[in-house]
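Peer 1: Let me give you the structure first, and then I'll get to my questions.
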Amino acid sequence: MLERGYGKVINMSSVLGTVALPNQIAYASSKGGVDQMTKVMALEWAKQGIRVNAIGPTYFETELVAQLRNDPERYNFINERTPAGRWGYPVELEGIIIFLVAPASDFITGQTIYIDGGWAAW
């Protein structure tokens, strides 16, 4: 990317990079670090034509979180905490990723975009 003078980096963060939950200190801290890393990378590489952003999803219905979905207390907490009232679907991540790699986003860098059904709005 540096040699070409153009490129896009998309880091994977989480809404927990900005929203705190009990018992999530390691995960939330690491995702907060990803958000800051995204900003620093964006500053360092912007003049070389490289855009660095992150996406920050919340809970999405994947096999990785099957255990949470099968725990009625956690499942209900997540649904109640999410203003949209549901978990996300993986297909709902596609549009933002396509946008961030397209020329339409060439003037966006250093941002974490939350795909979270409203969690970060609290």
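The values are calculated or read from the model by the stated rules, or taken from the named source; none is laboratory data. Computed from a predicted model, the values in this text were never measured in an experiment. Neighbour counts are summed over all protein chains in view; Cβ atoms, including those assigned to glycine, are modelled from backbone coordinates with ideal geometry.
Peer 1: Residues in the stretch 60-68: is at least one among the β-branched types (Val, Ile, Thr), in a helix (DSSP H, G or I) and closer than 21 Å to Lys8 by Cβ?
Peer 2: No, the stretch 60-68 contains no residue that is among the β-branched types (Val, Ile, Thr), in a helix (DSSP H, G or I) and closer than 21 Å to Lys8 by Cβ.
Peer 1: Out of curiosity, is Gly85 in a loop (DSSP other than H, G, I, E, B) and surrounded by 15 or more Cβ atoms within 10 Å (Cβ to Cβ)?
Peer 2: Here the answer is no, as Gly85 does not meet what is asked.
Peer 1: Among the listed residues Lys31, Lys47, Lys39, which satisfies the condition of being surrounded by fewer than 14 Cβ atoms within 10 Å (Cβ to Cβ) and at pLDDT 95 or above?
Peer 2: Lys47
Peer 1: Consider the stretch 46-58. How many of its residues are within 16 Å of Leu100 (Cα to Cα) and not small (Gly, Ala, Ser)?
Peer 2: Looking only at that region, the number is 6.
Peer 1: Here's a follow-up. Mind checking which residues of the stretch 25-39 are touching a residue at least 40 places away in the same chain (Cβ under 8 Å) and over 12 Å from the mean Cα position of the chain (by Cα)?
Peer 2: Within the stretch 25-39, Lys39 is the sole residue that qualifies.
Peer 1: Taking the criterion of being of a type outside the set (Val, Ile, Thr) and buried (at least 16 other Cβ atoms within 10 Å of the Cβ), would at least one residue in the stretch 92-99 satisfy it?
Peer 2: Looking for residues that are of a type outside the set (Val, Ile, Thr) and buried (at least 16 other Cβ atoms within 10 Å of the Cβ), one finds none in the stretch 92-99, hence no.
Peer 1: Right, here's the next one. All but one of (1) under 17 Å from Ile113 (Cβ atoms); (2) in a helix (DSSP H, G or I); (3) touching a Leu at 6+ places or on another chain (Cβ under 9 Å); (4) charged (D, E, K, R) hold for Arg51; state the number of the condition that does not hold.
Peer 2: Unmet condition: (2).
Peer 1: Now for a different question. Is it the case that some residue within the stretch 12-25 is modelled with pLDDT of 95 or more and farther than 20 Å from Gly117 by Cβ?
Peer 2: Yes, the stretch 12-25 contains at least one residue that is modelled with pLDDT of 95 or more and farther than 20 Å from Gly117 by Cβ.
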